[in-house]
Structures are given as C-alpha cells and as structure tokens.
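Just so you know, all these numbers are worked out from the coordinates, no wet-lab data involved. Bear in mind the structure is a predicted one, so any value in this text is a computation, not a measurement. We place every Cβ from the backbone using ideal geometry, glycine too, and count neighbours over all the protein chains shown.
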Amino acid sequence: MSLPPPKSAFLVFLACVLLAIGAYAQSNTWTIDPNHSSAQFTVRHMMISNVKGTFSKVSGMVQYDAADPTKSVVDATIDVGSVDTHQEGRDRDLRSANFFDVEKYPTMTFKSKKIESAGPGKLKMTGDLTIHGVTKEVKFDVDGPSAVVKDTQGNMHTGAEATVTINRRDFGLMYNRMLETGGAMVGDDVQITLDIEMVKRSATPGASVSR
C-alpha cells in the first residue's frame, strides 16, 4: 500500500488535531443556567442604610476545567432591564437615563482574563466588566466551584459565587442628589455578587435540565 505524500499526511494530521481540540472544548463547555443564576448588588442609601437589588436574567458560557479551575474561562451577560429592588418607582429610575439607561445599554457583561487560586475553595478571577458602555478590569473573589452533581436526567451541575466592589462613577453612573445635611442620596461604592449555577447537558437525546 502506498503512503500519502508528506503534505497530504500533514493535512490529515492537522485535521485530526483540530477535531480533537474542538471535541475537548465542547466537552468542557458549560452553560450558565438562567433559572438558577442571578446577580445582586448592594449600595448605600442616604449614608444610613443599604439598598439591595437583583438582576434576574443572567446568561453565558463557561469553559470549565474541573481538574484545574484556574484554566477556566467565563463569559457572562446580564440583562439590565431585569433589575428588581422590590420598589417599582426606584426600578424605573434605575432603568432610565439617570442610571443604567437600558434603552441605550441593555446589557452588562463580564469576560474573564485570568483565574488564580486563593486557597482551598477560593479563587481570584480577573476580567473585563462592561457597564453603561464602559469597560474596566476588575477582580472578583470567588467561593467555589462546588462539587459537580448529576441530576436525574444525567446533566452535570456546579456553581460558584463571585463578589467585587466597584465605584459606579468609574462606569459613567454619575447621577446623584445631595442631602440638606450633607452627603449624597446614593453611595458611590457598589458591591456586586454573581451567584452562578452552570450545567453541562447529558449527551442522551431529549434530556432536560432539572428545575
């Protein structure tokens, strides 16, 4: 049997490598489960109390390496219009041009660039956070990821919680009102927490994700 010419052999080898890389990437691709994920924020009000809110619509993908989570890559998107502080008037104000201006900037995003170990069950995740059209590098403190759990459909689940504090003015969120007694109505520092559940679907046809 004759051997293929060297060039043909190289092309066959290259094709095999690319297929293997593609299969590996697919096997490590997890989806952020929007039914069990959210983003919360906390900000000072009138310098005397904390107002807390939630963005209920979080989506994205994670290239998750269970053997070495520091090799993972996170790409998350938050629907800003899903903001909920349990006060309708305040939520309308947050969606308006005074703050998030959701008609112009409907989403905020986070794309990780580096993940480092910070001790048992702890990670530091550095990446680009985009809010209100402004992108800044931030570093999240991460608890997790949790142990992988298989649901009744054969899907794999894991989760993590990531927290960072930002200055909203760095992202162009400047609006405020001053108090007669001094100080501002809304604080500048905002704590953001991403509470994420990831799922990798079973290869079994028709498998659904447990709710």
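Quick notes on this structure:
- For a straight C-alpha distance cut-off of 16 angstrom, the lysines reachable from Lys122 (same-chain residues fewer than eight places away being disregarded) are Lys71, Lys114, Lys139.
- Of all lysines in the structure, not one lies under 17 Å Cα to Cα from Lys104 without also being fewer than 8 positions from it along the same chain.
- Chain lengthening between Glu116 and Asp68 when straightened (0.36 nm per residue, less Cα-Cα): 16.3 nm
- Applying a DSSP loop filter and a limit of 11 other Cβ atoms within 10 Å to the GluC sites (Glu not before Pro) in the stretch 61-169 leaves Glu103.
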